[in-house]
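Have a look at the structure below before the remarks.
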Amino acid sequence: MGDLLVVGSKVKEAVKGAGCNMAGNFPDAASAAVADLVAKACKRAQSNGRKTVRPEDL
């Protein structure tokens, strides 16, 4: 995968805080999920005639 969109250490901290362990490739999967959310939010904003992505686009 390309550049991560999430901070691996922060993801690990959140996972540990929830009482779980984390596989080494989990940050890559989390980053892919974030990239998908961003792409969908951008598409929604554009379909509404905006270039600015807002929280409600999520």
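Would you mind stating whether GLY19 is surrounded by fewer than 15 Cβ atoms within 10 Å (Cβ to Cβ), assigned to a loop (DSSP other than H, G, I, E, B) and either at pLDDT below 95 or of a type in the set (A, V, I, L, M, F, W, C) (or both)?
No: the conditions fail for GLY19.
Of all residues in segment 43-58, which are surrounded by fewer than 15 Cβ atoms within 10 Å (Cβ to Cβ), within 17 Å of the chain's Cα centre (by Cα) and assigned to a helix (DSSP H, G or I)?
Result: LYS43, PRO55, GLU56.
The values are calculated or read from the model by the stated rules, or taken from the named source; none is laboratory data. Since we're looking at a predicted model, the values are computed, not measured. All Cβ positions, even for glycine, are placed from backbone atoms using ideal geometry, and neighbour counts span all protein chains on display.
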